[in-house]
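Enquirer: I am attaching a structure below and will ask some questions about it afterwards.
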There are 2 protein chains.
Amino acid sequence: MTYCVGLKIDRGLVFMSDTRTNAGVDNVSVFRKMHSWAKPGERVLVLLSAGNLATTQAVISLLEERSKAPDERNPTILEAPSMYQAARLVGDTVKEVIQQSAPTGQNADAFGASFILGGQINGMEPRLFLIYPEGNFIESGEDTPFFQIGETKYGKPILVRAHEPTMSFEETVKLLLVSFDSTLKSNLSVGMPLDLLYYERDSFKIAMQKRFEQDDSYYRAISDGWSSALKTAFASLPDFMR
Amino acid sequence: MTYCVGLKIDRGLVFMSDTRTNAGVDNVSVFRKMHSWAKPGERVLVLLSAGNLATTQAVISLLEERSKAPDERNPTILEAPSMYQAARLVGDTVKEVIQQSAPTGQNADAFGASFILGGQINGMEPRLFLIYPEGNFIESGEDTPFFQIGETKYGKPILVRAHEPTMSFEETVKLLLVSFDSTLKSNLSVGMPLDLLYYERDSFKIAMQKRFEQDDSYYRAISDGWSSALKTAFASLPDFMR
């Protein structure tokens, strides 16, 4: 499977994704699930993907190709007039790829893929979308400032409880690592390394991009620290009295 | 859906289950998912159920009927010579019910149900089983001392991290309530009240049975306390440094 999160804070957008893909437990590989397009000063777009790897790679490849070859540049994600139109473009590409893979509609589910698209275009607000395999999509709001795709359940409780829109980037990375660590500990289909990307609002360039490897000292500090912090938290609660 | 946990500690067996059943979000009811049979001094058996309500009720009814009507008492769960044979009996009853519901094998998945069976029979050790819709089953071991059925993912990380076989009953109730509270906060198909049952090893009677209602003061203390304890735990970890 996969685990990806896109999260909106007042200061910008933060993205994290794992890199494990598997077709059966003995066919495991590392693939990047985070892709970005930038025209410095004008726009930044980030796309996270989960689901059938052939579908997600085809979608990324088509978006890539069309953003590079001038004669195929219409439609292209680098020319979309708004984030909404960029989300539509990704959605249409997903539909196109899935229809090509399963023209008769047979087993269309097997080719499914979901995407998180976030970014900002100059003159407009930063926006965050969740794009379904059917090609339609929803946008984040004040009450739901993050989207998860893939193996979402293990890491959700901490996101729900600890997220605050006023968080700093540094706190947000900590929150995401805790959420990813809970998922990594519970599900073999999500694996290290983890990719991180930070976009600061109104900057129109990528502020930071980093890969956390298994032996990253900050990741280890969070993973080990969270285990013992949880035990302390748990011990601080009153025992049941018969 | 449902959330049920059966957990083995050195001192005995602890069971907890929610009570919500739903067929669509506008057809929600409260049903007990915890059933027990006891012959004081001789045996105690506890069964937790998840899945299709018609299937689980039919299984419980058949087990109940056969444990009461003397002429149908063979096979009966109150006469099974071992916990292993009791698990086989439950498994066979599940198979029987599902085959009756879906004789052609069509849509057999829709009638599926899983069970956790735990208990002790005099002269033998306490044992805990997970019974699949196919009627086969597995037993807990030292490395996997608990089973979950239903909506298992949200509440798993804390069980994995905080469980110790040497825990007291009182600590175990606290752990289960934290695990249930994380699930309740994330998934509408799991709902209060919660049923608790404690069996103390070699006692051959039920030590305690309790229903936690929404306004139960201990449940509230854990639910509120865990939120703030988690925030404190989270704040205690070092922020990311760019």
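Enquirer: Treating the point 7 Å from Cα along Cα-beta-carbon as the label, what are the nm separations from residue B:203 to the other copies, to one decimal?
Expert: The answer, with the shortest distance listed first, is 5.9 nm.
Enquirer: Determine the dipole magnitude for the protein assembly as shown: charges of +1 sit on the beta-carbon of Lys and Arg, -1 on that of Asp and Glu, nothing else is charged, the reference point is the Cα centre, and the result goes in debye to the nearest 20.
Expert: Approximately 320 debye in magnitude.
Enquirer: Please calculate how many Å² of accessible area chain A carries per residue, with a 1.4 Å probe and no DNA, RNA or ligand atoms counted.
Expert: Roughly 43 Å² per residue, with all protein chains present.
Enquirer: Separate question: What average count of beta carbons from other chains do you get within 10 Å of the Cβ of residues in B:168-177?
Expert: 3
Enquirer: So what are region A:156-242's ellipsoid semi-axes, whole angstrom, largest first, if each one is the square root of 5 times an eigenvalue of the alpha-carbon gyration tensor?
Expert: Taking √(5λ) for each Cα gyration eigenvalue gives 28, 17, 11 Å.
Enquirer: Give the Cα extents of the protein assembly as shown along the principal axes, in whole Å, largest first.
Expert: Projected onto the principal axes, the Cα atoms of the protein assembly as shown cover 84, 54, 41 Å.
Enquirer: Add -39500 (n - 2.57) for each DSSP H run of 4 or more in chain A, then divide by its residues: what number comes out at 222 nm, to the nearest 500 deg cm²/dmol?
Expert: Calculated from helices alone, the mean residue ellipticity at 222 nm is -11000 deg cm²/dmol.
Enquirer: On average, how many beta carbons from a partner chain sit within 10 Å of the beta carbon of a residue in A:180-187?
Expert: 3
Enquirer: For residue A:151, enumerate residues with amide H under 5 Å from its amide H, sequence gap 5+ or separate chain, H modeled in the peptide plane.
Expert: Correct list: A:2, A:3, A:4.
Enquirer: Label points 7 Å out from Cα along the Cβ direction at residue A:166 and residue A:29: separation in nm?
Expert: 4.7 nm
Enquirer: Now, a different point. Take the solvent-accessible surface of the protein heavy atoms, probe 1.4 Å, and return the percent of it on region B:1-48 that carbon and sulfur atoms account for.
Expert: Roughly 52 percent of what the probe reaches on region B:1-48 is carbon or sulfur.
Enquirer: Additional query: What are the GluC sites (Glu not before Pro) within region B:1-75 that DSSP puts in a loop, where the Cβ has at most 16 other Cβ atoms within 10 Å?
Expert: Here the sparse-neighbourhood loop sites are B:42.
Enquirer: Can I ask one more? What are the distances, in nm and sorted shortest first, from the label point of residue B:68 to the label points of the same position in each other copy, with each label point placed 7 Å from Cα along the Cα-to-Cβ direction?
Expert: 7.4
Enquirer: Nearest 10 degrees, 0 to 90: what angle lies between the long axis of helix B:53-68 and the longest principal axis of chain B (Cα atoms)?
Expert: Around 50 degrees separate the two axes.
Enquirer: Sort A:168-181, A:23-36, B:151-164, B:217-230 by the packing proxy (mean of other Cβ within 10 Å over each peptide's residues), most packed first.
Expert: Taking the mean over residues of other Cβ atoms within 10 Å, the ranking is A:168-181, B:151-164, B:217-230, A:23-36.
Enquirer: What does the convex hull of the alpha-carbon atoms of region B:3-234 project to on average, in nm²?
Expert: Answer in nm², one decimal: 13.4.
Enquirer: For all pairs of alpha-carbon atoms in region B:1-51, what percent lies in each bin of width 5 Å, listed from the first bin to the last filled one?
Expert: 5, 17, 23, 20, 15, 9, 6, 4, 1
Enquirer: Which pairs, out of A:231/B:153; A:156/A:185; A:210/B:156, put more than 25 Å between their alpha-carbon atoms?
Expert: The pairs that break the limit, which is 25 Å between Cα atoms, are A:210/B:156.
Enquirer: Looking only at other chains, what is the average number of their beta-carbon atoms within 10 angstrom of each beta-carbon in A:148-157?
Expert: Per-residue shielding by partner chains comes out at 4.
Enquirer: Going 7 Å from Cα along the Cα-Cβ axis for the label, what nanometre distances separate residue A:189 from the same residue across the other copies?
Expert: Ordered by increasing distance: 1.6 nm.
Enquirer: Show me the ranking of peptides B:86-97, A:111-122, B:122-133 by mean Cβ neighbours inside 10 Å, starting with the highest.
Expert: The densest-packed peptide leads the list: A:111-122, B:86-97, B:122-133.
Enquirer: Between chains A and B, what is the buried accessible area summed over both chains (1.4 Å probe, protein heavy atoms, nearest 100 Å²)?
Expert: When A and B are taken together, about 4100 Å² of accessible area is lost.
Enquirer: On to the next question. Defining a contact as two alpha carbons under 8 Å apart and six or more residues distant in sequence, what relative contact order in percent does region B:3-234 show?
Expert: 28 percent
The values are calculated or read from the model by the stated rules, or taken from the named source; none is laboratory data. Since this is a predicted model, take the numbers as computed values, not measurements. Cβ coordinates were reconstructed from backbone atoms using ideal geometry, including for glycine residues, and neighbour counts include every protein chain displayed. Note: accessible area is taken over every heavy atom of the protein model, side chains too, but ligands, DNA and RNA are not part of it. Shrake-Rupley method; radii C 1.70, N 1.55, O 1.52, S 1.80 Å.
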